[in-house]
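The values are calculated or read from the model by the stated rules, or taken from the named source; none is laboratory data. Just so it is clear, the structure is predicted and the values come from calculations on it, not from any experiment. Cβ placement follows ideal geometry from the backbone for every residue including glycine, while neighbour counts extend to all protein chains displayed. These area figures cover heavy atoms from the full protein model, side chains too; ligands, DNA and RNA do not enter into them. Shrake-Rupley method; radii C 1.70, N 1.55, O 1.52, S 1.80 Å.
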Amino acid sequence: MRTAFTRKLLAWWARAARDLPWRRTRDPYRVLVSEFMLQQTQVARVAEYYPRFLERFPDLETLARARPRAVREAWDGLGYYARASNLHALARVVSRDHDGKLPDVPEELVKLPGVGPYTAGAVATFAYEKPVPAVDTNVARVVRRVFFASRISHPASRQIWDLTRTLVPKNGKRAWKFNQAIMELGALICVARKPRCEQCPLRPDCKTGRRSAARP
Ligand code: SF4
C-alpha cells in the first residue's frame, strides 16, 4: 500500500503542482527564506513578498550584515516579526559558526534560531534533496486521514513522523517531489474542513476517503 501511495501521489503531483518561485530553486538560503515566510502566511502573500525580500537581501551574508531595522522593514506587511528576527539571528550564527553555509541535515538545522523539526526537514529535503520527512500540519492531516481512520485513535505527532519517514523515497530527487507533493495535496485536496475526496488520487487507499465513499 505504501508503494502505491507514493506512486499515485507523484503522478498527481506531476499534473497538479502549482508553479511557485521557491520550487524553482535549490539554493539553501532561498529555500530557508520561503520556509520562514510560509510558517504563518498564505502562499499568495508570500509569493508577493518573497522576491522583494530577496532583492534586498540576496544572500545569507547580506542578511547577516544588515541592521535589524532594515530586516524588519523588508518584512513589513508579513506580520509575526519574531520570524524576521529569528531569520536574521540565524543568518548571523551561520555566517559566524558555519562559514556562511547552511547545514544540510535536520539534526544540525534544528539547532539554529527559529528552526523547528518541520523547517529543519524542509530545508534538508527542499534545498539538499535529503530523503527525510518534513511534517507540517498539511502533511500530518493527510497521513492521519489515510492511515489512521478511526475517530477514536488520534495518533501522536511522533507516530505521524515515524510513519511519514517510512513513506519518503530513498532517492533524493524523488524525496524532494514526495515532500512537495504530500504538502500540496494537503493544501489543495485534503483540506482541513471539507476534504475533496472525490478528486483525490489516494482515495482507494485512504481509510477516511473510503469511509466517506461508503456513506449513502
Ligand atoms: S481521500 Fe479524502 S481524506 Fe483521504 S487523503 Fe484524499 S482527500 Fe484526504
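Observations, loosely collected:
- From the list Thr125, Thr119, Thr164, the lone residue that is in contact (Cβ under 8 Å) with a residue 12 or more places away in the chain and either within 9 Å of the ligand (Cβ to nearest atom) or over 23 Å from Ala4 (Cα atoms) (or both) is Thr119.
- Taking the range 18-45 as the range and being over 18 Å from Tyr118 (Cα atoms) and open to solvent by less than 30 Å² (accessible area, probe 1.4 Å) as the test, the residues that pass are Leu20, Thr25.
- Checklist (1) free of Cβ contacts under 8 Å to residues at least 60 places away in the same chain; (2) under 20 Å from the mean Cα position of the chain (by Cα) applied to Val43, failing item: (1)
- Candidates are the residues of the range 184-200 that are charged (D, E, K, R) and either assigned to a helix (DSSP H, G or I) or more than 14 Å from Ala213 (Cβ to Cβ) (or both); the one that is least open to solvent (accessible area, probe 1.4 Å) is Glu184.
- Leading residue by the ranking (farthest from the ligand (Cβ to nearest atom)) among those in the range 168-183 that are open to solvent by less than 80 Å² (accessible area, probe 1.4 Å), under 12 Å from the mean Cα position of the chain (by Cα) and of a type outside the set (S, T, N, Q): Trp176
- Restricting Arg165, Arg151 to those that are at pLDDT below 95 and farther than 24 Å from Thr41 by Cβ reduces the list to Arg151.
- Condition check for Leu78: assigned to a loop (DSSP other than H, G, I, E, B), out of contact with any Gly (no Cβ under 8 Å at 6 or more places or on another chain) and under 19 Å from Thr25 (Cα atoms): no
- Hits in the range 41-65 - residues which are outside any helix (DSSP H, G or I) and touching a helix residue (DSSP H, G or I) at 6+ places or on another chain (Cβ under 7 Å): Phe57, Asp59
- Filtering the range 187-196 to residues that are within 17 Å of Ala11 (Cα to Cα) and more than 8 Å from the ligand (Cβ to nearest atom) leaves Ala187, Leu188.
- Taking every residue in the range 197-209 that is more than 6 Å from the ligand (Cβ to nearest atom) and pairing it with any residue that is at pLDDT 95 or above and open to solvent by 30 Å² or more (accessible area, probe 1.4 Å), at least 6 positions away or on another chain, the pairs with Cβ-Cβ distances below 7 Å are Pro201/Lys8; Pro201/Ala11.
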